[in-house]
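Student: This is the structure I have questions about; it appears just below.
Each value in this text was obtained by applying a stated rule to the coordinates, not by laboratory testing. Bear in mind that the values here come from a model prediction, so they are computed numbers and not experimental data. Positions of Cβ are generated from backbone atoms using ideal geometry, with glycine treated the same way; all protein chains shown enter the neighbour counts.
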Amino acid sequence: MGRAHEVRAKSMAATSAARSALFGRASKEIYMAAKQGVPDPNSNLALRAAIDKFKSLNVTKEVINRAIEKAKGGQQESYVEGRYEGFTQGNAYIIIDTLTDNPNRAFGEVRTAVTKKGGHLGTPGSVSFNFTSAGVIEFEGTNRDEVEENLIMSDVDVNSVELDEDTIVVNVEPSALNAAKECLNEMGIDEFLTCEVTLVPNDYVTLEGEDKEKFEMLLDVLEELEDVQNVYHNVKL
């Protein structure tokens, strides 16, 4: 699909290491969402959003249920959030979010990955102003006008509805993500390629040749780091 806000475009855990890291991300994020509220997705919107996000990435029910059960029990896990902003080939921007029980390890692995592929980390805020937070839902379909009309009629705070080949991309305000999902469910749409609050770049860049190859290699490396929770960039792949 080549949309620059996608973290794991097309790979979907293509390697065993990436798949293991993906399951680890899912377990941590779902556990944290369940612990911060009630461990019931019907009444915990953050938990429901996390479940939807990882279901769209083909995380198994076993991994999801195990994380919820862990939150229900007395076991306590401690994770620290981190955000690293950087610059890569062609003056492309990248933001890397981590969720880890070892911040020093997470920082070291992120810095090594970025620098080895020709980039460098910047200071906090040096990149993030180029992105906007949004709720994004992607699904297969071509009935763009019908989707937009139903969302508007349901009073969903819609930013845009786009048709990208055979995929519809809905962009809403972060607080409207669940309302948009429920509206789409009522239309009979319940399988999503993406369903999450993410960072969307304000502008895109196109890389070619060696620059593009190195950037894609960087994404592959980050894909395999379990401490890395999300990656955002402005490269049009």
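Student: Please build a GNM for the chain, connecting alpha carbons under 10 Å apart, and tell me which residue among A17, A134, A34 fluctuates the most.
Tutor: A17
Student: Specify the residue with the greatest mean-square fluctuation among G24, G73, G90, computed from a Gaussian network of the chain linking alpha-carbon atoms under 10 Å apart.
Tutor: G73
Student: Need the full-extension length gain, E191 to N143, defined as separation in residues times 0.36 nm minus the C-alpha distance. One decimal, nm.
Tutor: Details: separation 48, 0.36 × 48 = 17.28 nm, distance 1.51 nm.
Between E191 and N143, full extension yields an extra 15.8 nm.
Student: When the helices in the chain are scored as -39500 (n - 2.57) per DSSP H run of 4 or longer and the sum is shared across all residues, what 222 nm value do you end up with, to the nearest 500 deg cm²/dmol?
Tutor: On the way: 7 runs with 93 residues, N = 237.
About -12500 deg cm²/dmol.
Student: Would you mind calculating the gained length between T206 and K61 on full extension (0.36 nm times residue separation, minus the Cα-Cα distance), in nm to one decimal? Provide the component values of the computation, followed by the final result.
Tutor: Numbers: separation 145, 0.36 × 145 = 52.20 nm, distance 3.68 nm.
Between T206 and K61, full extension yields an extra 48.5 nm.
Student: Let me ask you something else. Give, in nm to one decimal, the length gained when the segment between T167 and E213 is fully stretched (0.36 nm per residue of separation minus the Cα-Cα distance). Present the calculation step by step, with values, prior to reporting the outcome.
Tutor: Working: separation 46, 0.36 × 46 = 16.56 nm, distance 2.56 nm.
Here the segment from T167 to E213 would lengthen by 14.0 nm.
Student: Let me ask another. Modelling each spin label as a point 7 Å along the Cα-to-Cβ direction, I'd like the N91/N104 distance in nm, to one decimal.
Tutor: Those two pseudo-labels are separated by 3.8 nm.
Student: Build a GNM of the chain with springs between Cα atoms under 10 Å: which of D211, D227, D190 gets the top mean-square fluctuation?
Tutor: Result for the chain, Cα springs under 10 Å: D190 fluctuates most.
Student: Now for a separate question. Over 33 Å, how big is the tail of the calculated P(r) for the chain, in percent of all Cα pairs? Kindly include the intermediate steps, with their values, before the conclusion.
Tutor: Numbers: 4740 of 27966 pairs.
Percentage above 33 Å: 17.
Student: Can you work out the Karplus-derived ³J(HN,Hα) for every residue in the range 103-111? Use 6.51 cos²θ - 1.76 cosθ + 1.60 with θ = phi - 60°, whole Hz, and x for glycine or proline.
Tutor: x, 5, 5, 4, 4, x, 5, 5, 4
Student: Measuring from centroid to centroid over Cα atoms, what is the spacing of the range 24-66 and the range 152-190 in Å?
Tutor: 21
Student: Long-range amide H contacts for V205: which residues qualify at under 5 Å (H placed 1.01 Å from N, peptide plane, sequence gap of 5 or more or a different chain)?
Tutor: V235, K236
Student: Taking H placed 1.01 Å from N in the peptide plane, check which residues at least 5 places from L193 or on another chain put their amide H under 5 Å from its amide H.
Tutor: Answer set, sorted by chain and number: E138, F139, E140.
Student: Using the Cα atoms of the range 85-146 to build a convex hull, what is its mean projected area in square nanometres? Mind dumping the intermediate values first?
Tutor: Values: hull surface 27.5 nm².
The Cα convex hull of the range 85-146, projected and averaged over all directions, gives 6.9 nm².
Student: Continuing with this model, one more query. Applying the Karplus parametrisation 6.51 cos²θ - 1.76 cosθ + 1.60 with θ = phi - 60° to the phi angles of the range 195-212, what ³J(HN,Hα) value in whole Hz is obtained for each residue in order, glycine and proline being reported as x?
Tutor: 7, 6, 7, 9, 9, 10, x, 6, 9, 10, 10, 10, 9, 9, x, 5, 4, 5
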